[in-house]
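Below is a structure I'd like to ask you about.
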Amino acid sequence: MNECFKAVHLSHGSAGLEPVKRFGYENAQKVQAFHASFPEYAPTPLVSLDGLAGKLGLGNLYVKDESYRFGLNAFKVLGGSYAIGSYIAKRLGMDISELPYERLVSQEIRQKLGEITFVTATDGNHGRGVAWTANRLGQKAVVYMPKGSAEERLRNIQALGAEASITDLNYDDAVRLANSGAEKYGWVMVQDTAWEGYEDIPAWIMQGYTTMALEAVQQLRQLKAEKPTHVFLQAGVGALSGGVTGFFADLYGDGQRPIITIVEPNKADCIYRTAKADDGKLHFVTGQMDTIMAGLACGEPCTIGWKVLHDHADNFVSCPDYTAAKGMRVLGNPLPGDTRVISGESGAATLGLVAEVMQNESLDWLREQLQLDEHSRVLCFSTEGDTDRENYRRIVWDGLHPSF
């Protein structure tokens, strides 16, 4: 067994499972309608990598390329924008379906709201989405970034008018700093980490991500493709993976849904550790969590996300950084006939795992556990492009390999 890779499988019954309707198909249509009201909206591409599927010994391989999302090079804006819209709707006693973009920016709504400051912690992509939404709505944003965050990501956030800075804290402590600012100054915290007393906004963020899953299903239907047998989702705190897992569990039912596998860096694998313990408690990772997958360097699971994952996801995999690096290179250097995908460190983690598992004989045990073979129809989400271009080139040009 390759000791760099760890995996656990959770079996589920059919009764008493965490409800997922709020992340399901019907609500996702409402979420998508909100996103579609923004002038910048367009569905991101779903790429069918037929050459790579054949090379790896899979039936089909699809990648949802979120580098095109709202011109922000990452999917995160889906969650931040929907959470902010939902917060405003609740504050005004309205339903979000009554507040498309044009009305949100109207003089009538701005007069009712006054000035709001939204605050968040981020490694880059989520904060950029929050800052972008606040900018579009004529509001303010304050963004705290953990130690080691990329200067390029900081500048992108500041360019949207946000007050942003890189702290000396790890991600989870930056979240606590943002929360203390919200309590002290009356700011509105927009974070996907949930805890007791703070669950509405994280749930709205998770719902926001379902637009991505709904688009993928719509695009597969346009291709007249069979439904995926496998979906791979990367996890930081588990908001993306929880929301999308909930969507597929609702759409197909747990008996018919794809096999869902959650992927994390082994230096920040709080979801894997919580799944492995399976003792009803959340298990944290502390310290700096020094992984190239900056967007996944989170040590404390989202309570709402974990409840969905525990009851509706199948496999939880902890993997080394070179897995993501491999995914970046494979997607960026396609086989003849395949489309190139520029995928950042966190975005490429799932495809990298699939490729490594299918090609590395020492991972035969994991391939069998994941039930991957020539009949598998695999769906991955490339959640970011080259949001840190210098680091992207360093990894793709200079490489990370199994000795790291």
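The values are calculated or read from the model by the stated rules, or taken from the named source; none is laboratory data. As the structure is a prediction and not an experimental result, all values here were calculated from the model. Neighbour counts are summed over all protein chains in view; Cβ atoms, including those assigned to glycine, are modelled from backbone coordinates with ideal geometry.
Within the range 86-104, can you find the residues that are in a loop (DSSP other than H, G, I, E, B) and free of Cβ contacts under 8 Å to residues at least 12 places away in the same chain?
Gly93, Met94, Asp95, listed by residue number.
Scan the range 116-131 for residues that are on the phi > 0 side of the Ramachandran plot and either not assigned by TED's automatic domain parsing to the domain that holds Leu104 or not small (Gly, Ala, Ser) (or both) and report the count.
Qualifying residue count, the range 116-131: 0.
Same structure, new question: Of all the residues that make up the range 111-126, how many are among the small types (Gly, Ala, Ser) and closer than 11 Å to Leu72 by Cβ?
1
Counting only residues that are aliphatic (A, V, I, L, M) and in contact with a Phe, Trp or Tyr (Cβ under 8 Å, 6 or more places away or on another chain), which one in the range 283-308 is farthest from Thr193 (Cα to Cα)?
Out of the qualifying residues, it is Met289.
So, one more: Among the residues of the range 175-185, is there at least one that is in contact with a strand residue (DSSP E or B) (Cβ under 7 Å, 6 or more places away or on another chain), in a strand (DSSP E or B), closer than 24 Å to Gly305 by Cα and of a type in the set (A, V, I, L, M, F, W, C)?
No, the range 175-185 contains no residue that is in contact with a strand residue (DSSP E or B) (Cβ under 7 Å, 6 or more places away or on another chain), in a strand (DSSP E or B), closer than 24 Å to Gly305 by Cα and of a type in the set (A, V, I, L, M, F, W, C).
Please go through the range 251-290 and pick out each residue that is among the β-branched types (Val, Ile, Thr) and either assigned to a loop (DSSP other than H, G, I, E, B) or at pLDDT below 95 (or both).
Hits for the range 251-290 are Val285, Thr286.
Output yes when any residue across the range 72-84 is surrounded by fewer than 20 Cβ atoms within 10 Å (Cβ to Cβ), hydroxyl-bearing (Ser, Thr, Tyr), in contact (Cβ under 8 Å) with a residue 40 or more places away in the chain and not assigned by TED's automatic domain parsing to the domain that holds Gly238, and no when none is.
No, every residue in the range 72-84 fails to be surrounded by fewer than 20 Cβ atoms within 10 Å (Cβ to Cβ), hydroxyl-bearing (Ser, Thr, Tyr), in contact (Cβ under 8 Å) with a residue 40 or more places away in the chain and not assigned by TED's automatic domain parsing to the domain that holds Gly238.
On the basis of being under 24 Å from Glu183 (Cβ atoms), out of contact with any helix residue (DSSP H, G or I) (no Cβ under 7 Å at 6 or more places or on another chain) and of a type outside the set (Lys, Arg), does Gly114 make the cut?
yes
Only one of these conditions is not met by Ala239: (1) under 22 Å from Leu49 (Cβ atoms); (2) buried (at least 24 other Cβ atoms within 10 Å of the Cβ). Which number is it?
(1)
Give the number of residues within the range 105-157 that are among the hydrophobic types (A, V, I, L, M, F, W, C), without any contact (Cβ under 8 Å) to a residue 40 or more places away in the chain and surrounded by fewer than 23 Cβ atoms within 10 Å (Cβ to Cβ).
Going through the range 105-157 one residue at a time, the tally reaches 4.
Please go through the range 291-310 and give me each residue that is in a helix (DSSP H, G or I) and either farther than 30 Å from Gln359 by Cα or of a type in the set (S, T, N, Q) (or both), ordered by number.
Answer for the range 291-310, where residues must be in a helix (DSSP H, G or I) and either farther than 30 Å from Gln359 by Cα or of a type in the set (S, T, N, Q) (or both): Thr303, Ile304, Gly305, Trp306, Lys307, Val308.
So, one more: If you scan the range 167-181, which residues turn out to be within 11 Å of Thr122 (Cα to Cα) and either in the same structural domain as Asp290 (by TED's automatic domain parsing) or not acidic (Asp, Glu) (or both)?
Matches in the range 167-181: Thr167, Asn170, Tyr171, Ala174, Val175, Ala178.
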